[in-house]
Amino acid sequence: MSADPFMIIKKVKKSSNSENNQRRFSDEQIKSLEMMFVSETRLEPRKKVQLARELSLHPRQVAIWFQNKRARWKSKQLETEFNILRQNYNDLASQFESLKKENQALVSE
C-alpha cells in the first residue's frame with residue numbers, strides 16, 4: 001500500500017517550519033530595538049542604517065521589525081481603547097437601569 005500523500009506533505013511542512021522557528025534577533029538586539037521604538041516609532045533612513053550597523057542586522061530587518069512593532073502597538077492601543085469604551089458603556093447601562101427602576105418606583109407611588 002502507498003502512503004497517504006497528505007501525510008507526506010504535513011511531515012515536510014512540519015520539518016521546514018521547525019527550521020523557520022529560529023530566533024532572528026538576539027535578546028540584546030530586541031532590547032535595543034525596543035528602546036529605540038519608545039523614543040521613535042518611525043525611523044528615518046539614516047537612523048535605520050545606523051541602527052542596523054550597530055546591531056549587525058540588515059536595514060531591511062530593522063525596517064520590518066519597526067513595521068511589525070507598530071502594527072502590534074496599534075492593535076494593543078485599539079484593544080485598550082475598546083476596553084475603556086466597553087467599561088464606560090457598562091457603567092452607563094447600569095446607571096440607566098438604576099434610573100429606570102427609580103422612575104418606575106416614583107410613577108407607582
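The values are calculated or read from the model by the stated rules, or taken from the named source; none is laboratory data. All of these numbers come straight from a predicted model, not from anything done at the bench. Cβ placement follows ideal geometry from the backbone for every residue including glycine, while neighbour counts extend to all protein chains displayed.
Here is a yes/no grid of residues against (1) within 22 Å of Arg23 (Cα to Cα); (2) at pLDDT 95 or above; (3) of a type in the set (A, V, I, L, M); (4) in a helix (DSSP H, G or I):
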residue	(1), (2), (3), (4)
Lys48	yes, yes, no, yes
Leu51	yes, yes, yes, yes
Glu54	yes, yes, no, yes
Leu57	yes, yes, yes, no
Arg60	yes, yes, no, yes
Lys69	yes, yes, no, yes
Thr80	no, yes, no, yes
Arg86	no, yes, no, yes
Val107	no, no, yes, yes
Exercise for review: Return yes when Leu106 is without any contact (Cβ under 8 Å) to a residue 24 or more places away in the chain, surrounded by 10 or more Cβ atoms within 10 Å (Cβ to Cβ), among the aliphatic types (A, V, I, L, M) and over 27 Å from Arg24 (Cα atoms) and no when it is not.
Suggested key: no
Exercise for review: Kindly indicate the residue of segment 4-46 that is modelled with pLDDT of 95 or more and over 23 Å from the mean Cα position of the chain (by Cα) and also farthest from Arg72 (Cα to Cα) among those meeting that condition.
Suggested key: Arg46
Practice item. Would you check which residues across segment 53-88 are of a type in the set (A, V, I, L, M, F, W, C) and exposed (fewer than 12 other Cβ atoms within 10 Å of the Cβ) and list them? Key: Ala71, Leu78, Phe82, Ile84, Leu85
Check your understanding: Hey, Ser75 hits all of (1) of a type outside the set (A, V, I, L, M); (2) touching a residue at least 40 places away in the same chain (Cβ under 8 Å); (3) out of contact with any Leu (no Cβ under 7 Å at 6 or more places or on another chain) but one; which does it fall short on?
Key -> (2)
Check your understanding: For segment 22-46, what are the residues that are in contact with a helix residue (DSSP H, G or I) (Cβ under 9 Å, 6 or more places away or on another chain) and assigned to a helix (DSSP H, G or I)?
Key -> Glu28, Gln29, Ile30, Ser32, Leu33, Glu34, Met36, Phe37, Pro45
